[in-house]
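The values are calculated or read from the model by the stated rules, or taken from the named source; none is laboratory data. Quick caveat: nothing in here was measured; it's all calculated off a predicted structure. For neighbour counting, all protein chains shown are included, and Cβ atoms are generated from backbone atoms with ideal geometry for every residue, glycine included. Please note that ligands, DNA and RNA were not included when accessible areas were found on the heavy atoms of the full protein model with its side chains. Shrake-Rupley method; radii C 1.70, N 1.55, O 1.52, S 1.80 Å.
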Amino acid sequence: MSGVLDGFSLAGRTALVTGGNRGLGEAFARGLAEAGARVMIASRNAEQNEVAIAKMRADGLQVESLVADITVDADVERMVEETVERLGSIDVLVNNAGICYHRDAWDVPDDEWDDVFNLNVRALFKCSRAVGTHMRTRGGGSIVNIGSISAMIVNRPQNQAAYNASKAAVHQLTKSLAAEWAPDGIRVNAVSPGYVKTEMAPVDEPQFRRQWIEDAPQQRYAVPSEIAGSVVFLASDAAAFITGSVLVIDGGYTVY
Ligand code: NDP
């Protein structure tokens with residue numbers, strides 16, 4: 001008889017993390033590898049990819065990298081083919097790569113709006129479908145999307161309408177794909193983090209302190225490793241009956 005912790009193990013599994021060379025994606029790649037998976041990270045900056053995988057390999061983890069701009073359809077196809085070739089399969093996809101601009105809605109240029117939606121929504125869909133096609137032929141898999149509390153609340157004091165709308169699309173796309181792909185054995189879930197210290201979120205800047213930190217019940221930001229456990233959980237068999245869920249990880253931010 002196996003114990004409850006066995007369900008959380010990713011031993012023998014394979015995972016692809018978009019982004020993955022810094023910030024949250026790097027923590028997700030590390031967490032998945034620590035749980036036993038062989039992991040591929042895919043992002044644009046080859047040098048940064050090497051830095052990230054060298055750190056993880058030094059800790060004995062099985063992590064590889066490839067260069068891809070997932071807003072380019074041909075790169076998405078190549079990323080999936082190359083990952084399957086090098087890892088043998090993709091059991092887990094973490095759709096992590098994302099972008100955010102702080103800008104008043106009045107002033108958002110068309111190209112900035114397009115950048116946000118092309119990466120946060122369109123590329124996430126294209127990666128899901130390309131990997132999902134592979135998962136379907138193998139009888140299943142687990143997709144974890146990185147949403148945000150910005151899908152649920154309007155951030156303050158900075159304005160970021162395009163990002164907020166894009167993350168709301170991620171949450172709803174999560175549910176839509178979960179419904180469509182459940183018969184194929186593919187689970188689709190999302191995590192919805194609050195403020196996490198990365199290049200994207202300047203959590204230490206004094207002008208954000210009151211509304212980002214002091215307004216939250218726990219009165220602090222998170223570090224990326226605090227989100228990784230939930231991604232590992234959703235990727236694993238411990239979450240076998242969970243699909244279409246959005247797990248909020250925000251130190252209580254959205255209770256108010
Ligand atoms: P970072 O800006 O630190 O990292 C972004 C990652 O995405 C990098 O690895 C980057 O690598 C990669 N990336 C960007 N554009 C592309 C592209 N076109 N193709 C492939 N990879 C790309 O962000 P975070 O770690 O903070 O954010 C990760 C995810 O978490 C995002 O989806 C974000 O919206 C979400 N999130 C973040 C929160 C936070 O407070 N930090 C809160 C809630 C959600 P490269 O530049 O080399 O391509």
Q. Got the relative contact order for the range 1-42 handy, in percent, Cα pairs under 8 Å and 6 or more residues apart?
A. 46 percent
Q. How big is the gap, in Å, between the Cα center of the range 28-42 and the Cα center of the range 69-103?
A. 14 Å
(Q) Can you compute the charge dipole magnitude of the range 36-83 about its Cα centre, using +1 on each Lys and Arg Cβ and -1 on each Asp and Glu Cβ, nothing else charged? Give it in debye, rounded to the nearest 20. (A) 280 debye
Q. Which whole-number percent is the relative contact order of the range 132-232 (Cα, under 8 Å, 6+ apart)?
A. 30 percent
Q. Based on the inverse mean of 1/r over its pairs of different Cα atoms, what is the Kirkwood hydrodynamic radius of the chain, in Å?
A. 18.3 Å
Q.
Excluding same-chain pairs closer than 8 in sequence, count the lysine pairs in the chain whose Cα atoms lie under 22 Å apart.
A. 5
Q. Hey, can you rank 119-126, 185-192, 248-255, 14-21 by average C-beta count inside 10 Å, highest first?
A. 14-21, 185-192, 119-126, 248-255
Q. Which FRET efficiency value, to the nearest 0.05, is calculated for D237 and W106 with the Förster distance at 51 angstrom and r the Cβ-Cβ distance?
A. 0.60
**Q.** Charge tally in the Cβ shell below 15 Å around D184, where Lys, Arg are +1 and Asp, Glu are -1, D184 excluded
**A.** +2
Q. For the range 28-112, what is the accessible area per residue in Å², given a 1.4 Å probe and the full set of protein chains?
A. 49 Å²
Q.
Over 5 Å intervals from 0, what percent of Cα-Cα pairs in the range 1-75 sits in each interval?
A. 3, 18, 27, 21, 14, 8, 5, 2, 1, 0
Q. Using the Karplus equation 6.51 cos²θ - 1.76 cosθ + 1.60 (θ = phi - 60°), what ³J(HN,Hα) coupling, rounded to whole Hz, does each residue of the range 60-65 give in order, writing x for Gly and Pro?
A. x, 8, 9, 10, 10, 9
(Q) With a cut-off of 8 Å between alpha carbons and a minimum separation of six or more residues, what is the relative contact order of the chain in percent? (A) 20 percent
Q. In terms of modelled amide H atoms, which long-range or inter-chain residues lie less than 5 Å from the amide H of N145?
A. N95, N189, A190, V191
